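Step one of this worksheet: look at the structure below.
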Amino acid sequence: MDALFIAAGIAFGAVFLGEMGDKSQLMALSFATKYRMRTVILGLVIAIGALIGISVGLGAAAGNLLPTDWIRLAAAIMFIGFGLWGLKPEKDGHDEAEGPIKERRTGLLTVVAAMFLAEFGDKTMIIAMGMGSSYNPWGVWIGGTAGMLAADLLAVFAGAWIAKRIPAKVVRYVASALFLVIGVLLGIEAVSALAD
């Protein structure tokens, strides 16, 4: 039982610190300005739990088996698409509304897919894989998931605060710009890794 707690504590600290200032925080902040908080939080829990679980499993079992560069390139394309989509004017008057858009049936799926793909092969996954090969895998999964969730929730609460105080049109353009920047950076990373 001590090994579980030690692994959880180390994983929490490593992943929390590794996530500070990472693109997942920017994404969480953007999502919090667009979707209901409970949708964003549930999406984060699902994506992060699955991502850290896969990472620990791979680390414990075999190591680096997945083509993460191609997945990163797919995530880059998806982010650029989100950014361009966000620049399109809303047709049903949401630009004038204050706060996050409340009715989005695809919000949960968007949050889960975007977070999972963007973080797949990122340093958080590598940290969890490495720790999964050395420490109690359950402890690493629990601590890593909690650490990444804690870091991203800081951004969610900041995004919700911003959405209440800044006009929706400004938030939409800034969120679109963030998605475009993240997409371009992911694309450059993926293309340069694939070119090597």
For the chain: accessible area per residue (Å², 1.4 Å): 49
Exposed-site-free run, longest, the chain (rule: GluC sites (Glu not before Pro); DSSP loop; at most 15 other C-beta within 10 Å): 104-196
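Can you figure out the FRET efficiency of Ile126 with Ile46, using R₀ = 22 Å and their beta-carbon distance, to the nearest 0.05?
Values: r = 21 Å, r/R0 = 0.95.
Between Ile126 and Ile46 the formula returns 0.60.
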Student exercise, the chain dipole from Lys, Arg, Asp, Glu Cβ charges, in Debye to nearest 20: 620
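Rounded to a whole number, what % of the accessible area of the chain do carbon and sulfur atoms account for, probe 1.4 Å?
71
Going through the DSSP H helices of the chain, which span 20 Å or more along their own axis at the Cα atoms while scoring at least -1.0 as a mean Kyte-Doolittle hydropathy?
Span-like helices here: 2-19, 37-61, 68-87, 137-165, 168-195.
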FRET efficiency, 1/(1 + (r/R0)^6) with R0 22 Å, evaluated for Met20 and Val174 via beta carbons: 0.60
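Gain in length, Met37 to Ala113, computed as 0.36 nm per residue apart minus the alpha-carbon separation, to one decimal in nm?
Using 0.36 nm per residue and subtracting the Cα-Cα distance, I get 25.7 nm.
The values are calculated or read from the model by the stated rules, or taken from the named source; none is laboratory data. Here the structure is a predicted model, which is why all the values come from computation and not from measurement. Using ideal geometry, Cβ is built from the backbone for each residue, glycine included, and neighbour counts are taken over all protein chains shown. These area figures cover heavy atoms from the full protein model, side chains too; ligands, DNA and RNA do not enter into them. Shrake-Rupley method; radii C 1.70, N 1.55, O 1.52, S 1.80 Å.
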